[in-house]
Structure formats: C-alpha cells, structure tokens
Amino acid sequence: MNRLGLNDKPELVWNMDEKGVPLEHTPSKVVAAKSSRTIPGKVSNTRERNTIFGCINARGDRMPPLIIVKGKTQKAVMSYNTADGPVGATWTYQAKAWTEDVLGIEWFTNIFLKKCGNQRPQLLILDGHHSHEVLGLIEKARENNITLLTLPPHTTHYLCPLDRTVFGPLSKNYDRICSEYCQNPGNLVNKITWPGLFRRAFETAFKPENIISGFRSCGIFPWNPLNIPSAAFAPASAFDTNKPDTNEHPLQWVIRKSFETESRVEEVTVVRTKPSAGPEARCITTEITDTVPLNEIQVQSYEQNVIDVPGSPEDPHFMHTLSADVLLPIVDSETREAVESLISLDSSFSETIYEVDSVFQPLSETLSTPCSSTTVDWNASVNAIFSVDPPPQKKARINKTSVTGHRILTSDEVIESKRKIEDMKLKKEQAKEKRLKIREMINAKKQIEKEIKAVRSEIDINV
C-alpha cells in the first residue's frame, strides 16, 4: 500500500471472497426437556447450495453480490424469486453452483469494474483460487491499473476480512432467520422464499462496522501486523515441544524493518596487500580491493603470523623488516634469483626494506591457519590420502505442487508464467485435434475399403 499510496485511502482497498449458502439451514437452539437426546428441527427439503461472491472495501462499503445457482440453463435462475433478493445482485448459473474461471472474469468485468469507481490505482485482495488467477482477469486488471494480491494458502481465516468478521455473522444470521421463519408450520425454505431470507441475512452481516472491523483485525487497514494474534503462528500440538522463550510478537520484525530509517553508510575502498600463493611467486604481491563501511575498518596486526628467523637479532623491528642482505641467505633458490635480478637492475633495490609477511606469509598459510604457533595436522593429511569417496546420494524427488506465499498477480513475472501455461495448453489442444482428425481419416478410409470389399464380394457372387 505504500507503493500504491493507499495508506489514507480506505475506499480503494478491496477484498473479495466466495461463500456457499445452503438452502438447508442449521436449526438454532430450541427449548426441550433436559433428558432429550434427539431434538427435531424443521429444515428445507432440498440439499442444494448456492455460491455468492462478496466484495467489500476498508471504508465499510459493499458491492452487490454475484449469486450462482445450480443449473445448466437460464431456467435455473428463473426458478428463483430474484426480485426479493439483495438489491442490485447479479444471478447466474453453473452445473454444480460452483465458481469457475468464466464466472471469475464475468464478476470482475460486469460488477467490480463498474462499481469500484474511477480513482486509480486500486488494490484487490483475493485468495489463491484458480478462478482468481485467470489470465484474462489479470490482463483486464492491469489495463485498468488495479493491483491483484493473493493471500498465502491456509491463512485466509486470519488474513481475509470477509472470512474474519463477515461470513461468520452471515451464516449465524441466516440460520437464525430461517429457523424463525420455519416456526410457522406452513412455512418452508425453498427457491421462492430463499432470496428474501438471504437478503435479510446479507444486509445484517454486511454492515459497515463488521467490514471495518475485518480489515482492522487482519492488520490490513490501518496497517498493523501485530493485530494478528500470536497464536496464529504457534506450531501444531503434535510438534509443540520447543517453544521459543520470548514474549515478542512473531511479526515484530516487520514493524522494525518498515520503520527503520534508511541511512546510507559511507563506504571507502581499502587496499590490502596479500602475497600470492605458491612457491614460484613468493615475492610477488597481489592487491585485493574490498569495499567496507567506515565503522568496520580496523587496523589489523600480523605480528602473530610472522615466522621467527633463526639467528635473528633481539630487536623487535627485525621481526617486521629485513634488508636484501639478510633476506638472500634464508630464502629458497628461486626467490634468491628473483631478488638478485632486481638488484642487478636497480642498485638501490638492495637497500629496500621488505616486510617479512610478504615472504613468509605463504609458508604459514600452507602449514595451517594463521595463529600464534604453526602446527600441522598429520591425521588430516593421512585421512585425506586413504579416505574413500562417500556413496552417491539419490536425488530428492521434486514435488511439483509448491506452496507459495502472497503474490501480486499483476506483476510481469506472474503474467509471463500464465501466458506460457496458456500457450502450452493451446499447443496440447491443437495436437489433440490433429490426432483426432487423423484418426477420423483413418477410420473413414477403413470404412471405404470395407464397403469396396463388400461390393466386390457381391459382384463375384453374381458372376
């Protein structure tokens, strides 16, 4: 919402979700004898269930619902008394009264885009149902500058405002209203009376106070992740063994990250001189350039890594510097030849002072890690010689179904992946149609050959 600039615009933050509403309600509590075990309750004589699309915003507004009834033609909708239903509701049908990709596009085009207003940009929060991730819906949302945000799986009971504070009261009010209506022996919940009963429950549940409370309890508007209870992050009882000994909210790090000041640390370039590895180039030095913050720059001392030279003077400065006259007798032949060649080119080179680290540091690195005393791990060397390679590990089986977090459906990555999937589906359908045509041609050819053979057999019989 920071990127879209919607922190102070609750009317532009929307949430949509589906819910099934059965014609057979759950009877409310009734008065009965204390010892009664089974108490009958009057309900509808049908097991059908309708699906509704509900959409609300953080200001407390609601859109007219989309109601899906069970049927295969428009006659299924005509069997309901739609005039008594919610004001402005759109009625449609589906074979099982379920939501599908075509209905998702229909809702977004004919209801949301017409009712959301002309202000842009806007944010629409959805769950991860496949009807919400149709490529046609995503492209239309992007064309109209509407950002689609899907919630992570198995979190809508804490992150979806409709599930949190609206759909629960809707079910309770619907059961209560239907139970009161059925107290009269002549009343029954059916396709004629259901729209009016559902309208009363819909208007009672989709109240501004319930809607605003849902966005607030989910921490969406006003934005506050700490409104999500800590119990939502607790492990399951089967794994509830090692609880972290802290009273901090699991989302406290989100607050710290969002409100921390963006301070740029001034950086400097530090050039360190490190001798190159290998006995053939011990006198050659290489430069390693690192970029580090100023507060991390420390003066490093290499006194512990300096190798003591036998017969060296007691002067502490001798441990750090050696002249060419002292250096030549104690180095190997290759290094001695390199130094002598430099002295022959420049006579002043013999008076140059060298750091002992540039000569003996490669030796200390080959023996062990830098420390105050040089040691050799002979056991490791022997094990390295006689060690046996571990058996090859089997490749882990890749699970194709992946659990994803929240996603912005209108992003370039998601749209590109959706287009690739659609192209693959189109190619498969074209290949299938081609195979069917070839099969039909082969069957037609066989049928013609069979008829020709039958005609020839008849001619032979007549002759």
What is the Cα centroid distance between the stretch 34-59 and the stretch 179-198, reported in whole angstrom?
12 Å
Work out how much length residue 115 to residue 408 would gain on full extension: take 0.36 nm times their residue separation and subtract the Cα-Cα distance, in nm to one decimal.
103.3 nm
For the stretch 156-170, Karplus couplings with θ = phi - 60° (6.51, -1.76, 1.60), whole Hz, Gly/Pro x:
5, 5, 10, 10, 9, x, 5, 5, 7, 9, 10, 5, x, x, 4
Find the Cα radius of gyration of the stretch 411-458, compare it with 2.2 N^0.38 Å by division, and give the number to two decimals.
2.18
By count of other Cβ within 10 Å, fewest leading, how are 14, 91 ordered?
91, 14
Residue 233 versus residue 129: modelled label distance in nm, points set 7 Å from Cα along the beta carbon direction
3.0 nm
If I model a spin label at residue 449 and residue 422 as a point 7 Å from the Cα along the Cα→Cβ vector, what separation in nanometres do I get?
4.3 nm
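Values in this text are rule-based calculations from the coordinates and carry no lab data. Nothing here was measured: the structure is a model prediction, and the numbers come from that model. All Cβ positions, glycine included, derive from the backbone under ideal geometry; neighbour counts span all protein chains shown.
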